[in-house]
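Participant: Once you've had a glance at the structure underneath, I'll fire off some questions.
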Amino acid sequence: QVQLVESGGGTVQAGDSLRLSCVVSGSIGSIGTMAWYRQGPGKQRESVARIDNTGIINYVHSVTGRFTISRDNAKNTVYLQMNSLKPEDTGVYYCNGNIRRRAGWNYEIYWGQGTQVTVSS
């Protein structure tokens, strides 16, 4: 099976930085688009950033200029560098991947367990 595991969350003050990591493991055939989602208290889950297998990147407007998504294909890892954090960035951050298993025909969606990010004012 395929597994996504996030790390790097924590509690910081406004203006600080965090770097999240997501490692994909298991019987991997190909990794397509990877993305970070987040869900704040009482809010809808939203897509924060995504990067496809060719390097095309998209961000939600609220994080543009502050967050950077990247990937290391050799390590099957995607990162989210978060700078100038605001209290509004608080929430559970989830890694999402479009991944084809080694023995699979099609790409499938996988989710990590989530990592908590708390930004105090």
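Read the figures in this text as sums done on the coordinates, not as results from a lab. It should be emphasised that the depicted structure is a prediction, and the values quoted were computed from it without experimental measurement. All Cβ positions, glycine included, derive from the backbone under ideal geometry; neighbour counts span all protein chains shown.
Participant: From Cα pairs below 8 angstrom and at least 6 apart in sequence, can you work out the relative contact order of the range 37-121, rounded to a whole percent?
Facilitator: This gives 24 percent for the range 37-121.
Participant: Within the range 1-36, whose backbone N sits under 17 Å from a point 7 Å along Cα→Cβ of R66?
Facilitator: 9-20, 36
Participant: Which one, G42, Q3, Q13, projects farthest toward the positive side of the charge dipole computed for the range 1-64 from Cβ point charges (K/R +1, D/E -1)?
Facilitator: G42
Participant: Still on this structure: To the nearest 20 Debye, how big is the dipole of the chain about its Cα centre, given +1 on the beta carbon of each Lys and Arg and -1 on that of each Asp and Glu?
Facilitator: Dipole size: approximately 220 debye.
Participant: Ok, one more. Along the range 48-57, what does the Karplus equation 6.51 cos²θ - 1.76 cosθ + 1.60 (θ = phi - 60°) give for ³J(HN,Hα), rounded to whole Hz, x for Gly and Pro?
Facilitator: Result, ordered by residue: 9, 7, 9, 9, 8, 6, 9, x, 6, 10 Hz.
Participant: Give the percent of DSSP beta bridges with both residues in the chain that are antiparallel, rounded to the nearest 5.
Facilitator: Bridges in the chain are about 90 percent antiparallel.
Participant: What is the calculated FRET efficiency for D16 to D52, with r their C-beta to C-beta distance and R₀ = 25 Å, to the nearest 0.05?
Facilitator: For R0 = 25 Å, the calculated efficiency reads 0.30.
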